[in-house]
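> Questions regarding the structure given below will be posed in turn.
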Amino acid sequence: MASITKRKNKQGYTVWTVRIRDKQNNISRTFTTLKEAVEFSENTQQQTVAQLIDLYINEAMNHKNPKTIKLQKPQLQYWRKALGHLSVKKCTAHDVIRARDALLRLGKKPPTANRYVQAISPVFTYAIDVLEWAQKHPVKAVKKYREQSRLRYLSPDEINRLLTVAKTTQYLYPIILIALTTGMRKGEIINLRWTDIDFTNRLVILHTTKNGDMRVINLSPTILEQLKELPKLSPYVFTGKTGHPYFLASSVWKNLLKQANIENFRFHDLRHTAASYLAMNGENAITIAEILGHKTLAMVQRYSHLSSEIRQKALDKLAKMWIK
């Protein structure tokens, strides 16, 4: 329920304070005119989730990666259809949970449903922090579906087979080699520009990453030699027919795997492969996180068991020196 009270502020000027209290919110805003106070009171009580999503898409998504925008827009349209009729300040965690569970009945998998929830969460953050349309975040209380972690990395023999087949192409060999030796994402490699490479200091400078931060990556001499042999056909290192970044079609990737006799492997798993061998070579979690561009160590914990095996072997070897 909303109330508007007239009072004098510390400077002696007349102001109007709007107070909105219910089970979900306790909002207080002060305005210099009664008209502004009334408009805020009416808008705050009537704004719907549909209006919020529309505003978020039009005004708050521009800073995101284009690939993320393309992925999340259809997800947000689902939420618009499912929750759009609700008032923003009265939307509850239960409403979100019911709409999320409905995704499973539509044939979506639990990990996919989690991505949908991940897409709607910043929308309500925007409503609270920027628009001040609500105080409580309905997604904060929604627990994610449990996901089975997937860690697929290539064996040395599989790596050799994959690289051997890739050598028959112009771009796939250096692309795969970069992924294996740096842990870079496919999008980061495909969109690499010549100006991003510092040949003198053996560095790649990524100005735009998935996390939105700049990242500096070290390159090996072998990679640099591979890059120097490529023709400079456009600003992009790997150039498609139209001068835009090279497009790695899924059919090309599947055919490559088929020729190399490799199953159940995605391009992104090359990143897992790089991280896995870093762990098996004894690198610590902090170093691996820095190389991969992870902001927290939680993302690299999946590789901890690999380095644990290395430590165990080292300790077993040490024990054998003294235990006869």
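> Consider Arg185 carefully, then state whether it is assigned by TED's automatic domain parsing to the domain that holds Lys228, in contact with a Pro (Cβ under 7 Å, 6 or more places away or on another chain) and at pLDDT 85 or above. Show your work before the answer.
Working: assigned by TED's automatic domain parsing to the domain that holds Lys228: yes; in contact with a Pro (Cβ under 7 Å, 6 or more places away or on another chain): no; at pLDDT 85 or above: yes.
So Arg185 fails the test.
> Looking at (1) under 32 Å from the mean Cα position of the chain (by Cα); (2) assigned to a helix (DSSP H, G or I); (3) at pLDDT 85 or above, which is the one condition that is false for Lys67?
Evaluating Lys67 over (1) under 32 Å from the mean Cα position of the chain (by Cα); (2) assigned to a helix (DSSP H, G or I); (3) at pLDDT 85 or above leaves (3) as the failure.
> Right, next: With respect to Asn201, is the statement that it is more than 21 Å from the chain's Cα centre (by Cα), in a loop (DSSP other than H, G, I, E, B) and modelled with pLDDT under 90 true? If you could, list the steps in order and put the result at the bottom.
Numbers: more than 21 Å from the chain's Cα centre (by Cα): yes; in a loop (DSSP other than H, G, I, E, B): yes; modelled with pLDDT under 90: yes.
Criteria met by Asn201.
> Would you please list the contacts, defined by Cβ atoms under 6 Å and residues six or more apart or on different chains, that run from a residue in the stretch 134-148 that is of a type outside the set (Phe, Trp, Tyr) to a residue that is part of a loop (DSSP other than H, G, I, E, B)?
Hits for this filter: Ala134/Asn25; Gln135/Asn25; Lys136/Gln24; Pro138/Cys91; Pro138/Thr92.
> Next question, about the same structure. Return the total of residues in the stretch 161-198 being closer than 18 Å to Trp253 by Cβ and in a helix (DSSP H, G or I).
Result for the stretch 161-198: 20.
> Among the residues of the stretch 49-75, what is the count of those that are of a type in the set (Gly, Ala, Ser) and either exposed (fewer than 15 other Cβ atoms within 10 Å of the Cβ) or within 12 Å of Ile120 (Cβ to Cβ) (or both)? Write out each step before concluding.
Filtering the stretch 49-75 for residues of a type in the set (Gly, Ala, Ser) gives 50, 60.
Pick out the ones that are also either exposed (fewer than 15 other Cβ atoms within 10 Å of the Cβ) or within 12 Å of Ile120 (Cβ to Cβ) (or both) and you get none.
Going through the stretch 49-75 one residue at a time, the tally reaches 0.
> Look through Tyr116, Tyr153 and report the one residue that is modelled with pLDDT of 95 or more, within 28 Å of Arg266 (Cβ to Cβ) and buried (at least 16 other Cβ atoms within 10 Å of the Cβ).
Working: Tyr153 fails: modelled with pLDDT of 95 or more.
The match here is Tyr116.
> Select from the stretch 172-198 the residues that are of a type in the set (A, V, I, L, M) and either farther than 15 Å from Thr222 by Cβ or within 22 Å of the chain's Cα centre (by Cα) (or both) and list them in ascending order.
Once the filter is applied, which keeps residues that are of a type in the set (A, V, I, L, M) and either farther than 15 Å from Thr222 by Cβ or within 22 Å of the chain's Cα centre (by Cα) (or both), the stretch 172-198 yields Leu172, Ile175, Ile176, Ile178, Ala179, Leu180, Met184, Ile189, Ile190, Leu192.
> Of all residues in the stretch 39-59 being of a type outside the set (S, T, N, Q) and farther than 17 Å from Ala134 by Cα, which is modelled with the lowest pLDDT? Steps first, answer last, please.
As a first pass, look at the stretch 39-59 and keep what is of a type outside the set (S, T, N, Q): 39-40, 42, 49-50, 52-57, 59.
If we keep only those that are farther than 17 Å from Ala134 by Cα too, we end up with 57, 59.
Numbers: Ile57: 93, Glu59: 88.
This residue is Glu59.
> Residue by residue through the stretch 187-206, note down the ones that are in contact with a helix residue (DSSP H, G or I) (Cβ under 7 Å, 6 or more places away or on another chain) and under 19 Å from Pro66 (Cα atoms). Steps first, please.
Filtering the stretch 187-206 down to residues in contact with a helix residue (DSSP H, G or I) (Cβ under 7 Å, 6 or more places away or on another chain) leaves 187, 189, 197, 199, 202, 204-206.
Gly187, Ile189, Leu206, listed by residue number.
> With of a type outside the set (S, T, N, Q), touching a Pro at 6+ places or on another chain (Cβ under 6 Å) and in contact (Cβ under 8 Å) with a residue 12 or more places away in the chain as the only criterion, which of Arg193, Arg202 stands out?
Arg193
> Here is a further query. Can you confirm whether the stretch 134-141 contains a residue that is over 30 Å from Ala99 (Cβ atoms) and not aromatic (Phe, Trp, Tyr)? Explain how you work it out, then say what you get.
Step one: filter the stretch 134-141 for residues over 30 Å from Ala99 (Cβ atoms), giving none.
Checked the stretch 134-141: no residue is over 30 Å from Ala99 (Cβ atoms) and not aromatic (Phe, Trp, Tyr).
> Taking the condition of being in a loop (DSSP other than H, G, I, E, B) and in contact with a strand residue (DSSP E or B) (Cβ under 7 Å, 6 or more places away or on another chain), how many residues in the stretch 245-299 meet it? Quick ask: steps written out before the conclusion?
To start, the set of residues in the stretch 245-299 that are in a loop (DSSP other than H, G, I, E, B) comprises 246-249, 261-268, 281-284, 293-296.
In the following step, the residues that additionally are in contact with a strand residue (DSSP E or B) (Cβ under 7 Å, 6 or more places away or on another chain) were identified as 246, 293.
Going through the stretch 245-299 one residue at a time, the tally reaches 2.
The values are calculated or read from the model by the stated rules, or taken from the named source; none is laboratory data. Values in this document were obtained by computation on a predicted structure and should not be read as measured data. Using ideal geometry, Cβ is built from the backbone for each residue, glycine included, and neighbour counts are taken over all protein chains shown.
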